[in-house]
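The values are calculated or read from the model by the stated rules, or taken from the named source; none is laboratory data. Not measured: the values here are computed from a predicted model. Cβ: placed from backbone, ideal geometry, glycine included. Neighbour counts: every protein chain shown. These area figures cover heavy atoms from the full protein model, side chains too; ligands, DNA and RNA do not enter into them. Shrake-Rupley method; radii C 1.70, N 1.55, O 1.52, S 1.80 Å.
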Amino acid sequence: MSEQFYQAELTKGQKDMGMLVHASGFAGYLIPFGNILGPLIVWLMKRDEMPFVDSCGRNCINFKLSMMIYFCVSFILMFVGIGFLLLGILAVVDIIFTVIAIIKASDGISYEYPLTIKFLK
């Protein structure tokens with residue numbers, strides 16, 4: 001797992017925006033496709049101004065798109081029975097990795113989520 005360190009050169013505002021990118025991924029639990037739209041909106045607004053937010057946004061969106069694929073596969077596997085267990089595990093993994101990413105962003109570290117397919121490079 002490679003993490004990019006930005007700590008020394010970041011302002012509090014940049015770290016806060018990095019945290020917001022990751023935290024906005026929780027919108028998916030309230031709004032359909034909010035898990036992708038939330039980070040996408042913050043990333044598109046700030047990616048040109050703040051390289052840290054650009055890095056956080058790419059990592060977050062890649063992870064959320066990957067999770068969406070995993071959730072779809074789990075949904076299909078529900079007809080076999082194992083999908084119910086996989087959906088629960090994926091939800092817990094999503095929450096844990098997102099919280100870790102928020103904590104890392106508050107420290108000025110661009111967290112690269114595990115289990116991620118690189119859609120945006």
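A single entry from Gly28, Gly81, Gly34 fulfils the requirement of being at positive phi, among the small types (Gly, Ala, Ser) and modelled with pLDDT under 95: Gly81.
Among the residues of the stretch 110-118, some residue qualifies, meaning at least one is aliphatic (A, V, I, L, M), out of contact with any Asp or Glu (no Cβ under 8 Å at 6 or more places or on another chain) and open to solvent by 40 Å² or more (accessible area, probe 1.4 Å). Return a yes/no flag: does the stretch 112-121 have any residue that is closer than 21 Å to Leu20 by Cα, at pLDDT 95 or above and among the basic types (Lys, Arg). No, because not a single residue in the stretch 112-121 is closer than 21 Å to Leu20 by Cα, at pLDDT 95 or above and among the basic types (Lys, Arg).
If you go through the stretch 41-62 and keep only what is open to solvent by 40 Å² or more (accessible area, probe 1.4 Å) and part of a loop (DSSP other than H, G, I, E, B), you end up with Arg47, Asp48, Glu49. Given the condition more than 15 Å from Asp107 (Cβ to Cβ) and among the aromatic types (Phe, Trp, Tyr), answer yes or no: does some residue in the stretch 60-68 qualify? Yes; the residues of the stretch 60-68 include at least one that is more than 15 Å from Asp107 (Cβ to Cβ) and among the aromatic types (Phe, Trp, Tyr). Taken residue by residue, the stretch 1-12 has at least one member that is open to solvent by less than 60 Å² (accessible area, probe 1.4 Å) and farther than 21 Å from Phe119 by Cβ.
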